[in-house]
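The values are calculated or read from the model by the stated rules, or taken from the named source; none is laboratory data. Keep in mind it's a predicted model, so treat the numbers as computed, not measured. Methodologically, a virtual Cβ is constructed for each residue, glycine included, from the backbone with ideal geometry; neighbour enumeration extends over all protein chains shown.
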Amino acid sequence: MIGGFTLLPGLDNPLLWILGVPLGSAGFLAVLKDWRAATWINVLASAITFASSLLLINVRPEPTRLLFIDDFNVYLVVLTAFVGLTTSVFSAAYIARESEAQRLSDLHLRFYHSMYQAFLFTMLLALCANNTGVMWVAVEAATLTTVLMVSLYRTREAIEAAWKYFILCSVGIGLALFGTTLVYLAAQPVMGDGADAMAWTLMIKQAHRFQPDLLNLAFVFVLVGYGTKVGLAPLHAWLPDAHAEGPTPISAVLSGLLLNVALYALLRFKMVIAANGATLTPGPLLIVMGLSSLFLSAFMLYRRGDIKRLFAYSSIEHMGVITFAFGMGGAVANFAGLLHMTMHSLTKSAIFFAVGIISQNLGTKRIAAIKGLTQSHPVLGWGFVLAVLAIAGLPPMGVFMSEFLVLSSTFARQPLLAIPLAIGLLLAFGALVARLQSMAFGEPPPHAHAHGKAGPLSAALALTPLWVHMLLVLVAGLYLPKELVAWFQHVARFLG
Amino acid sequence: MGAQLSYDIAHLIGATVLMAGFSLLYQRRLFAVLNTFAFQALALAAAAAWQAHIQHAPHLYVTAAIALIFKAVIVPIALHWLVEQLGIHRNVETAMSIGWTMMAGVALVALSILLVLPVTANATALTRESLALAMSVVLLGLLMMITRRNAVTQVVGFMALENGLILAAVSAKGMPLVVEISVAFSVLVAMTLFGIFFFRIRERFDTLDLADLETHRGDRQ
């Protein structure tokens, strides 16, 4: 015990399991030779992690110097563990076919599974960290593990993408560290030396006494730093490459989860800044970056030829919308931002699941070569249609609801800002629907089955996560449970 | 020893790190870049050790040791070896002329002093000026990454940037996790070196894997 805090959680604490299981299985999978067993251990470990994360909803462990759980991060922990689980199920089917096609060697597969769990561990650690330094180290480690996975195929494109990702995000998180140091310096005269001045739970209570100028400077660095990792324009250059070249399950977790984690880090700092009062308001900065991401990606969506790149740009678009929402601030916009984070994670990972199967079935990622999916592969094709319509923001899906909330709250408070937002959303909508038409309908190409079909078990494994996600998004669009609404409202209020 | 002398020595060492950052900008030969970087790492090790001494923070000696052993010795030697192996030790291409690069560098240092000094009015003198120096080193590292096109010099630029970050972290009195952070960076750098090695080797031998490349070429535009 140090000043009323224990350092690490005990055995009965779910946090220990949430972090311990992925870390332990990462080590175990690194030495396990049989890749078929590894795919199942990967699923099992993710399932245990998800089950333990569910415990957090009712049991809140006491915050320690290093780890804490509050209303804000618990939903991201549950979401991360859930998508981690569904992606591991999808990955089991995906990897089996990649191995059959001999695109990945056994050694690469062992490495892949170990890194998958290590990546889950780093994301969960970043979300649970009560210490700005620990959070930073976790985000940095997440970068490392994903760089290694993006370069997994060892093609020139993959290695180039990994290199670009690596250099840009390393510089980004380097600047974030400088910002973190500055926040510590702002806190240190008030909170004293040591870990207290880096703990979120303690900082937020004293933030009004921090030196505002130092916080302002710090926020610029944190915004540029973690903003790079969120993929906000103009710092997004690494994102399409990294999403396009890695294995598809990794694209799903990169897009669905890692971007959220980086945004979470940014929002925590925003909360400290907002609690001060004498600082600049971070809102306008976030709004400008959000809108520019939205517009850039909305135009880029029209001219993409590669299906994974298309949806990578769509991730930039949605991160822009979410950042915009949090920039607007206030109870409704924050609520919409939280909801949109959830909906985007679920929908985008579902899309990448579909894209993974499509590219395996057709043997191509070129949009021009993908036609008539609903005819050649009905279950997959319609799932894909549903997912793309959802991400484009068509009612009654959950994404529509959150986008509508962002738009209406903007209209209520800053009507002029609602115009560019609406135009950007419409542009992106048009691009996605136009692309979807050519891919989903029409005559399938004659060689649609040339690359073989997956076995029935494998096909079911690959498709189940897609449909589960879509079902959740659909339900969320039609009906949100009262408890969830109350919870999000509560978080939205203290987000400032 | 008086506090004033402690500060002066800390600032002298910090300024040495900054000067090394400047001279990185105008080195034309790759080996000279590596030697200058080794010198900068040496100065950083001295800065960390001095901070450990005056702050009575023994864990900073570990940071100093990492800077000394890993950055000032192992990394430069590994890069020397790599550059020789790959036969790329010709002059370094720059995207901007040396003169303009230096001007930009001076402007960045002025910018960081103008930014940091006013906002740290309440901090101790030790932190204030070290922070200004550290931010200058960070920005100069960034400038180097922008103006150099070679992968090796980009990595050196990144490591110079990182030296600035470590300098800031050791100067922030009582900041925890500095050791962990410098370890995390070392892993990152080691992976980067591995990455360049891999990247360059592939470039030279990629006919070996043509079959592998063929299957994927269709996937891109």
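Observations on the structure shown:
- Subset of the stretch A:130-151 [within 11 Å of chain B (Cβ to nearest Cβ) and not in a helix (DSSP H, G or I)]: A:ASN131, A:SER151
- Of the residues A:ALA96, A:ALA81, the single one that is of a type in the set (Gly, Ala, Ser) and closer than 26 Å to A:MET271 by Cα is A:ALA81.
- Condition broken by A:THR122, with the remaining ones in (1) crowded, with 24+ Cβ neighbours inside 10 Å; (2) more than 14 Å from every other protein chain (Cβ to nearest Cβ) satisfied: (2)
- Residues that are free of Cβ contacts under 8 Å to residues at least 24 places away in the same chain and closer than 22 Å to A:THR364 by Cβ, drawn from the stretch A:102-114: A:GLN102
- When residues in the stretch A:49-77 are screened for being among the hydrophobic types (A, V, I, L, M, F, W, C) and crowded, with 18+ Cβ neighbours inside 10 Å, 10 of them pass.
- In the stretch A:152-193, residue farthest from the other protein chains (Cβ to nearest Cβ) [restricted to those that are assigned to a helix (DSSP H, G or I) and hydroxyl-bearing (Ser, Thr, Tyr)]: A:TYR165
- Verdict on B:GLU180 being at pLDDT below 90, closer than 26 Å to B:TRP50 by Cα and surrounded by fewer than 18 Cβ atoms within 10 Å (Cβ to Cβ): yes
- So A:ARG304, is it surrounded by fewer than 24 Cβ atoms within 10 Å (Cβ to Cβ) and under 22 Å from A:ASN361 (Cα atoms): yes
- Residues that are in contact (Cβ under 8 Å) with a residue 12 or more places away in the chain and more than 7 Å from every other protein chain (Cβ to nearest Cβ), drawn from the stretch B:115-130: B:VAL116, B:LEU117, B:THR124, B:ALA125, B:LEU126, B:ARG128, B:GLU129, B:SER130
- Residue within the stretch A:440-456 that is crowded, with 18+ Cβ neighbours inside 10 Å and within 16 Å of A:LYS348 (Cβ to Cβ) present: no
- Considering only residues in the stretch A:393-409 that are modelled with pLDDT of 90 or more and surrounded by 23 or more Cβ atoms within 10 Å (Cβ to Cβ), the one that is nearest to A:GLY329 (Cα to Cα) turns out to be A:VAL406.
- Lone qualifier among B:TRP50, B:TRP100 - being away from chain A (no Cβ under 14 Å), over 16 Å from B:ARG148 (Cα atoms) and among the aromatic types (Phe, Trp, Tyr): B:TRP50
- Counting only helices (runs of 4 or more DSSP H) wholly contained in the stretch B:1-86, the ones carrying 2 or more residues that are farther than 29 Å from B:THR101 by Cα occupy B:3-26, B:30-55, B:59-66.
- Scanning the stretch B:79-99 for residues that are under 16 Å from B:GLN27 (Cβ atoms) and either modelled with pLDDT of 90 or more or surrounded by 12 or more Cβ atoms within 10 Å (Cβ to Cβ) (or both) returns B:LEU79, B:HIS80, B:VAL83, B:ILE88, B:HIS89, B:VAL92, B:THR94, B:MET96, B:ILE98.
- Filter result for the condition that a residue is on the phi < 0 side of the Ramachandran plot, in a loop (DSSP other than H, G, I, E, B), within 17 Å of the chain's Cα centre (by Cα) and touching a residue at least 60 places away in the same chain (Cβ under 8 Å), over A:LEU235, A:LEU267, A:LEU258, A:LEU263: A:LEU235
- Qualifying residue in the stretch A:345-361 (condition: touching a residue at least 40 places away in the same chain (Cβ under 8 Å), within 14 Å of another protein chain (Cβ to nearest Cβ) and hydrophobic (A, V, I, L, M, F, W, C)): yes
- Of all residues making up the stretch A:301-335, the number that are farther than 22 Å from A:ALA275 by Cβ and in contact (Cβ under 8 Å) with a residue 60 or more places away in the chain: 20
- Residue pairs meeting the criteria (Cβ under 7 Å; at least 6 apart or on separate chains; first of a type in the set (Phe, Trp, Tyr), in the stretch A:148-166; second surrounded by fewer than 22 Cβ atoms within 10 Å (Cβ to Cβ) and assigned to a loop (DSSP other than H, G, I, E, B)): A:TYR153/A:ARG103
- Here the stretch B:135-154 is the region considered, the condition is being at the interface with chain A (Cβ under 8 Å from one of its Cβ atoms) and crowded, with 24+ Cβ neighbours inside 10 Å, and the residue that is farthest from A:ILE167 (Cα to Cα) is B:MET135.
- Residue match in the stretch A:291-298 (condition: under 22 Å from the mean Cα position of the chain (by Cα) and more than 18 Å from A:HIS236 (Cα to Cα)): no
- Filtering the stretch A:60-101 to residues that are assigned to a helix (DSSP H, G or I), under 24 Å from A:ASN361 (Cα atoms) and of a type in the set (Gly, Ala, Ser) leaves A:GLY84, A:SER88, A:SER91, A:ALA92, A:ALA93, A:ALA96, A:SER99.
- A:ALA218 vs. criteria within 11 Å of chain B (Cβ to nearest Cβ) and modelled with pLDDT of 90 or more: yes
- Counting the residues of the stretch B:156-184 that are of a type outside the set (Gly, Ala, Ser), at the interface with chain A (Cβ under 8 Å from one of its Cβ atoms) and part of a helix (DSSP H, G or I) gives 6.
- Scanning the stretch A:196-215 for residues that are among the aliphatic types (A, V, I, L, M), within 9 Å of chain B (Cβ to nearest Cβ) and either farther than 10 Å from A:THR279 by Cβ or surrounded by fewer than 24 Cβ atoms within 10 Å (Cβ to Cβ) (or both) returns A:ALA197, A:MET198.
- A:ILE370 being β-branched (Val, Ile, Thr), buried (at least 23 other Cβ atoms within 10 Å of the Cβ) and within 14 Å of chain B (Cβ to nearest Cβ): yes
- Screening A:SER251 on (1) assigned to a loop (DSSP other than H, G, I, E, B); (2) crowded, with 24+ Cβ neighbours inside 10 Å shows it passes everything except condition (1).
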